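Here is the structure we will look at, set down as structure tokens.
Laboratory data are not the source of any read-out in this text; all were calculated from the coordinates shown. Remember, it's a predicted structure, so these values are computed and weren't measured experimentally. Here Cβ is always computed from backbone atoms with ideal geometry, including for glycine, and neighbour counts include all displayed protein chains.
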Amino acid sequence: MSVEQVSQVFDTILVLDFGSQYSHLITRRLREFNIYAEMLPCTQKIKDLAWKPTGVILSGGPYSVYAEDAPHVDPEVFNLDVPVLGICYGMQELAWLNGKQVARGEKREYGPSTLKVIDAACPLFKNVDHSTVWMSHGDKLIGLPNGFKVVATSDNSPYCGIAHESKPIYGLQFHPEVTHSAKGKELLKNFAVDICKATQNWTMENFIETEIKRIRTLVGPTAEVIGAVSGGVDSTVAAKLMTEAIGERFHAIMVDNGVLRLNEAENVKKNLGAGLGINLTVVDAADEFLDKLKGVTDPEKKRKLIGNTFIHVFEREAEKIKPKDGTDVEFLLQGTLYPDVIESISFKGPSQTIKTHHNVGGLLDNMKLKLIEPLRELFKDEVRHLGELLGIPHDLVWRHPFPGPGIAIRVLGEVTREQVAIARKADYIYIEEIRNAGLYGQISQAFACLLPVKSVGVMGDQRTYDQVIALRAIETTDFMTADWFPFPHEFLKKVAARIVNEVDGVARVTYDITSKPPATVEWE
Ligand SMILES: Nc1ncnc2c1ncn2[C@@H]1O[C@H](COP(=O)(O)OP(=O)(O)OP(=O)(O)O)[C@@H](O)[C@H]1O
Ligand SMILES: O=c1[nH]c(=O)c2[nH+]cn([C@@H]3O[C@H](COP(=O)(O)O)[C@@H](O)[C@H]3O)c2[nH]1
Ligand SMILES: NC(=O)CC[C@H](N)C(=O)O
Ligand SMILES: [Mg+2]
């Protein structure tokens, strides 16, 4: 059974990652004008690639090409007979391979510069002359690499752009992939469309069609698939796509772990089951989770315990499914996104663990189930677009993310039923007011935390001595960095009054004004 990968179906630009913090943006920009691009580590051997790229881009990177341990590209890239573009480190790599004309510069160049095209015939620079470009380098070319000519300069870089005399090989000292390079996207388009001749057919409509075909071929006519579904956007979109492909043979399982939002299990059942026709089972495992959480206060312990319990519940449920053809369930659906994939394949390697995100993917080690990850090529905003095309309601597609360990990591200290009830109610009021104020869409994520501190208050002439709720709301594009949301004071006043009045056990409300870093989004 042969199942084509996305990169075999669509013209694909291969981005080789030398570890720049901007590498994934190259992929993003290309996809924005409907060209599919895939990023692989710079150590990728061309002979191990199952598909032929339409063009290759060498990214920037923190190393110096002349250093002993510097990473270098597989020379076979140049035998593919496709256009190559080197960006920053990538251009220095081209220079190094063709005469070693690279050395430390006298000073670092970081920030804006103006592009001056000197070879107007160079197709890379169509409509981009005299625009602002963004520099970030300490090394520089000290002479022309063999076989190359200068095609652009800037005030500080006599070799701002180079091109091979006879082959479609180009190098740029600046970063066209960052938005600070005003016409950077046009430039990448010139490379991909005009020079590589890639077809601009990477659209979500086409993706849905090919993905449904791919799933059907992979799963075959009778096999059954299970998947953990939370009601969040990623798993819902994956589940909907799977349902389109194989209907009732897909079994979605949602676990009510006792630390979900107010009415969440019922809502998910209604929205996904009845609304979207997804074959969904909601498993009530609240007691199991809450019993295990008794006495646990350490955030990492909570996370691990919840992650493990998810796996137990899920495995038990999977056992119960008896496919009609008498075989066992063969496949597991996961909502893995491209950023997760990038993190694990990046040349820089996985980053240091700040906190253990619960992970149903932890199932994998000793599991016979084969994985299906239909979203593994997509960024979150692409997943949302896909969700809308699949007819998933707008509100669900644009929901704020909600972590698997849920309210357990928002009740600081010990998690009890009573504490969860307080946090849940406060959170409900907060989100309701955010929606009423028309602010939900401007905020990336918002939630309430219950702090294990008591404070004195006065209500109806009575002394109170109750806990504190902390509200958090952030704006972010990738959740790696985030800033707190500047609510109008009137809004905060109203929410605080409602929470203290309506939620027993709360005496005070505070608003968290810490960015990430140095804080994280969740409090635990
Ligand atoms: N209560 C739950 N029941 C079943 N599976 C869950 C539950 N909570 C989380 N998961 C699983 O863990 C995965 C990761 O959760 P995560 O929150 O990152 O994604 P999501 O819930 O699909 O989307 P979002 O990021 O928008 O919340 C989910 O895709 C789902 O497979
Ligand atoms: O599915 C999840 N399981 C987890 O264990 C988990 N921990 C944090 N998050 C979410 O990740 C984003 C970044 O959060 P942090 O800054 O707190 O790491 C935010 O969106 C968090 O809500 C999780 N999501
Ligand atoms: N951004 C980059 O690719 C930098 C390349 C190289 N490390 C330099 O400092 O010049
Ligand atoms: Mg979620």
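Details
- Per-pair calculated FRET efficiency, R0 = 22 Å: A50 and K149 via Cβ, rounded to 0.05: 0.05
- Mean residue ellipticity, 222 nm, helices only, the chain: the sum of -39500 (n - 2.57) across DSSP H runs of n ≥ 4, divided by residue count and rounded to 500, is -8500 deg cm²/dmol.
- Computed label-point distance, nm, for sites V296 and A103 using a 7 Å Cα→Cβ extension: 6.0 nm
- Beta bridges from DSSP with both residues in the range 160-317: antiparallel share about 25 percent, rounded to the nearest 5.
- Potential lengthening between N308 and A437 on full extension [0.36 nm per residue; Cα-Cα distance subtracted]: 42.6 nm
- Reciprocal mean inverse distance between Cα atoms of the range 123-166 - Kirkwood radius, Å: 11.7 Å
- In the structure shown, the pairs K126/K149; K292/K368; K100/K149 are assessed against 20 Å; a Cα-Cα span above that value is assigned to K292/K368.
- Shown in residue order for the range 224-236 are the 3J(HN,Hα) couplings computed by the Karplus curve 6.51 cos²θ - 1.76 cosθ + 1.60 at θ = phi - 60°: 10, 10, 10, x, 7, 10, 9, x, x, 5, 5, 5, 5 Hz (x for Gly and Pro).
- Counting 0.36 nm for each residue step from T43 to N267 and taking away their Cα separation leaves a gain of 76.0 nm.
- Long-range HN-HN contacts of L371 with modeled amide H, under 5 Å: L332
- The chain: relative contact order as a whole-number percent, Cα under 8 Å and 6+ apart: 11 percent
- Calculated FRET efficiency for the pair Q8/D381, C-beta based, R₀ 25 Å, to 0.05: 0.50
- Spin-label pair Q462/Q21, simplified geometry with 7 Å Cα→Cβ offset, distance in nm: 5.3 nm
- Nitroxide proxy distance, nm - points 7 Å out along Cα→Cβ at K322 and T281: 1.2 nm
- Integer Hz, Karplus 6.51/-1.76/1.60 couplings in order for the range 456-466, x for Gly and Pro: 8, x, 9, 9, x, 6, 9, 6, 10, 9, 9
- The DSSP beta bridges internal to the chain are antiparallel in roughly 45% of cases.
- Within the straight-line cut-off of under 16 Å between alpha carbons, the aspartates and glutamates reachable from K45 are D17, D74, E76, D81, sequence neighbours fewer than 8 places apart in one chain being disregarded.
- Close amide H partners of V453, meaning residues 5 or more places away or on another chain with modelled amide H under 5 Å apart, are V468.
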